[in-house]
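Okay, so here's the structure we're looking at.
Here, each number is a calculation from the coordinates, and none is a lab measurement. It should be emphasised that the depicted structure is a prediction, and the values quoted were computed from it without experimental measurement. Cβ placement follows ideal geometry from the backbone for every residue including glycine, while neighbour counts extend to all protein chains displayed.
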Amino acid sequence: MRELIELIIKGIVDNPDKVEINEIIGERSSIFEVRVDSNDIGKVIGKQGRNIKSIRTIVNAAAQKSDKRVIIEIVD
């Protein structure tokens, strides 16, 4: 999942070298804390949150195979 999230987010932002993803693994879920450059936060979230919603939908669809829940948080 981490590689998928990293691939999508690095494709959106202007500064892909500043993308950091921290994974917190739980029993039935995984939380991914995503840090990007302050200028790229708007690009990751998108207008009315459309980009981040789409990313969450794609990742959750991929995670259903392993019967896990994935949560993505954008951290300042």
### Task
Could you state the angle between the C-alpha long axis of helix 50-63 and the longest principal axis of the C-alpha atoms of the chain, as a value from 0 to 90 degrees rounded to the nearest 10?
30
### Message
Give me a comma-separated list of calculated 3J(HN,Hα) values for segment 18-26, in order, Karplus coefficients 6.51, -1.76, 1.60 applied at θ = phi - 60°, integers in Hz, x for any Gly or Pro.
### Response
9, 7, 10, 10, 10, 9, 10, 9, x
### Query
Dipole of the chain, Cα-centred, from +1 at each Lys and Arg C-beta and -1 at each Asp and Glu C-beta, to the nearest 20 debye?
460
#### Entry: Cα long-axis angle, helix 2-12 against the chain (0 to 90 degrees, to the nearest 10)
20
#### Entry: Paramagnetic reach from Lys68 (point 7 Å along Cα→Cβ, amide N under 14 Å) across segment 4-27
4-6, 22-27
### Length-normalised contact order of segment 2-64 in % [C-alpha pairs under 8 Å, at least 6 apart]
28
### Query
At 222 nm, what helix-only mean residue ellipticity would the chain give, in deg cm²/dmol to the nearest 500, using -39500 (n - 2.57) for each DSSP H run of four or more?
-11500 deg cm²/dmol
### Which of Val34, Ile12, Asn60, positive extreme of dipole for the chain (C-beta unit charges)
Asn60
### Message
Taking semi-axes √(5λ) of the Cα gyration tensor in Å straight from the coordinates, which label in (1) 25, 14, 13; (2) 63, 15, 7; (3) 21, 13, 10 is the correct one?
### Response
(3)
#### Entry: Bridge type composition, the chain - antiparallel percent by DSSP, nearest 5
45
### Query
trypsin sites (Lys or Arg not before Pro) within the chain: which are DSSP loop residues with at most 14 other Cβ atoms inside 10 Å?
Arg28
